[in-house]
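A short worksheet on the structure shown next.
The values are calculated or read from the model by the stated rules, or taken from the named source; none is laboratory data. Every value quoted in this text rests on a predicted model; they were computed, and no experiment measured them. Cβ: placed from backbone, ideal geometry, glycine included. Neighbour counts: every protein chain shown.
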Amino acid sequence: MLKNRIIPCLDVKNGRVVKGINFVDLKDAGDPVEQAKIYSDGGADEICFLDITASNENRDTIYDVVKKTSKKCFVPLTVGGGVRSVEDINKLLNCGADKVSINTAAVENSKVVIDSSKKFGSQCIVVAIDAKKNGEKWEVFTHGGRNNSGIDALQYAEQMEKNGAGELLVTSMDRDGTQAGYDIDLMSKISSKVNIPVIASGGVGNLDHLVDGIKLGKASAVLAASIFHYGKYSLKEAKDYLDSKGIPVRI
Amino acid sequence: MKVTIVDYKSGNISSVINSFKEVAKDKVNIEVTSDLKKITSSDKVVLPGQGSFKSCVDALNKINGLTDTLNEFAIINKRPLLGICVGLQMFADIGYEETETKGLGWISGIVSKIDNQNGKFKLPHIGWNQIDIIKESKIFKDIENNSHMYFVHSYEFIPEDKKVISATIDYSSNIVCSVEKENIFGTQFHPEKSDRIGLKIIDNFINL
């Protein structure tokens, strides 16, 4: 049986780990390579690096972080943030990333997803959707949540599947950093709309939120940052809890 | 001893290289190349594969003499070879991803899309699944049955001769996830991404 995945996410800025609260007020908290190793030893099913300020700054630090991490961690490594082109994806994969997540570039230029999934295979192309509720629908935001594209998130999710995305990483902008739980409505609507796996993100504050993301949100995987990063829960605690709720996990 | 990872410019093989180097330490020489002479002089060969069946076969064929060299290594000289993911799938006669494409034809069978039962099963099949070891295989030495391995694929290898199957997984149906035919080994899962247990499989292959 396929297991639901728990993916700790590390936000990285200038080669250092931070965790944004609503994308601002960053706190510095450690070396990403060491953090990733702790997570992989602790039973992380995957590790995600998000280079949060990459769109605006020199990105070379992330390549170095990915290179070092991939020599120490032997679970899948997803890297996103500031990925603009097929060449950026190529560089990250060559450094040892297993998957690359694309956000702004996927909105601005559909060819990036189409071309990269053809060139490298859908299995390594994750489209990250930052969505914010507006009335009855959700709109896709770009540039780390700063710009509203006005695009309907559900239609966009379907389009990205057609373009060749292998997975969707769906973040609720309304919930991110709030610890109030995933936007279950958003997750389940997108998950029902597409045939590719959905990774739920944004808003985890306790272990019940992870359970809800899978059971109610129909997500294949759940991503969380701060609850693991600040030691509120260990990965083992999270997995044991999911297991106790009847969710298949790798233990 | 020299283990060669075939670099035929298709997909991302850095994780395969990292994991083999981690296991080999300084005891075994890990070479990454498409040089035909170096492949021929290897003790063992690893054939990775990412992307589509067609793109991998096309990339193999682009390098003059490579398929002949691999054929000589694995089929004529019967030296140990490990195919990973699409590397395993290419053992088949035919693959149906993108378009009908001829494979290496080392193990009779086809590669076709996993039946998602009208959307009941998400594809790609991504994540950790437990393998059911149905036949003893040298690469499963000290690997417990029902161990978790990491998968990423939408297509499955269906061999004609079921005796080559060493392990399956349950996803929509029983899917072949490991084969052993004499000196030829293949895993649909990614041992290089399957944590310590995956590294043990790599270690088993290196120490065959």
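Summary table below
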{"quantity": "Residue check for A:Ile129: part of a strand (DSSP E or B), closer than 19 Å to A:Ile114 by Cα and not hydroxyl-bearing (Ser, Thr, Tyr)", "calculated": "yes"}
{"quantity": "All positions within the range A:56-77 that are touching a strand residue (DSSP E or B) at 6+ places or on another chain (Cβ under 7 Å) and more than 11 Å from chain B (Cβ to nearest Cβ)", "calculated": "A:Arg59, A:Ile62, A:Val65"}
{"quantity": "Tally, over the range A:88-113, of residues that are within 14 Å of chain B (Cβ to nearest Cβ) and either of a type outside the set (Asp, Glu) or surrounded by fewer than 22 Cβ atoms within 10 Å (Cβ to Cβ) (or both)", "calculated": "13"}
{"quantity": "Positions within the range A:90-112 being over 14 Å from A:Phe49 (Cβ atoms) and of a type in the set (Ser, Thr, Tyr), in sequence order", "calculated": "A:Thr104, A:Ser110"}
{"quantity": "Filter result for B:Phe121 (touching a Cys at 6+ places or on another chain (Cβ under 8 Å), aromatic (Phe, Trp, Tyr), within 12 Å of another protein chain (Cβ to nearest Cβ) and under 26 Å from A:Ala165 (Cα atoms))", "calculated": "no"}
{"quantity": "Residue satisfying condition, being within 20 Å of A:Ala238 (Cβ to Cβ) and touching a residue at least 24 places away in the same chain (Cβ under 8 Å), within set A:Asp212, A:Asp115", "calculated": "A:Asp212"}
{"quantity": "Qualifying position, being farther than 20 Å from B:Leu82 by Cβ, out of contact with any His (no Cβ under 8 Å at 6 or more places or on another chain) and at pLDDT 95 or above, among B:Asn146, B:Asn204, B:Asn183", "calculated": "B:Asn146"}
{"quantity": "Failed item, numbered, when A:Ser149 is tested on (1) among the hydroxyl-bearing types (Ser, Thr, Tyr); (2) outside any strand (DSSP E or B); (3) touching a helix residue (DSSP H, G or I) at 6+ places or on another chain (Cβ under 7 Å)", "calculated": "(2)"}
{"quantity": "Condition broken by B:Asn174, with the remaining ones in (1) in a helix (DSSP H, G or I); (2) away from every other protein chain (no Cβ under 11 Å); (3) touching a Ser or Thr at 6+ places or on another chain (Cβ under 9 Å); (4) surrounded by fewer than 18 Cβ atoms within 10 Å (Cβ to Cβ) satisfied", "calculated": "(1)"}
{"quantity": "Conditions (1) more than 14 Å from chain B (Cβ to nearest Cβ); (2) closer than 30 Å to A:Ile114 by Cα; (3) in contact (Cβ under 8 Å) with a residue 60 or more places away in the chain: number failed by A:Lys189", "calculated": "(3)"}
{"quantity": "Some residue of the range B:107-118 being out of contact with any Leu (no Cβ under 8 Å at 6 or more places or on another chain), under 30 Å from A:Glu158 (Cβ atoms) and either at the interface with another protein chain (Cβ under 10 Å from one of its Cβ atoms) or among the small types (Gly, Ala, Ser) (or both)", "calculated": "yes"}
{"quantity": "Evaluation of A:Tyr233 against (1) under 21 Å from A:Glu46 (Cβ atoms); (2) under 18 Å from the mean Cα position of the chain (by Cα); (3) not in a helix (DSSP H, G or I) (one fails), failing number", "calculated": "(2)"}
{"quantity": "Unmet requirement for B:Ile158, which otherwise passes all of (1) more than 8 Å from chain A (Cβ to nearest Cβ); (2) closer than 26 Å to B:Ile206 by Cα", "calculated": "(2)"}
{"quantity": "Residue check, B:Ile30 closer than 21 Å to A:Val75 by Cα, more than 14 Å from the chain's Cα centre (by Cα) and either of a type in the set (Lys, Arg) or more than 12 Å from chain A (Cβ to nearest Cβ) (or both)", "calculated": "yes"}
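For (1) of a type in the set (S, T, N, Q); (2) within 27 Å of B:Trp128 (Cα to Cα), each residue gets a yes or a no:
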site	(1), (2)
A:Phe74	no, yes
A:Thr78	yes, yes
A:Val107	no, no
A:Asn147	yes, no
A:Ala157	no, yes
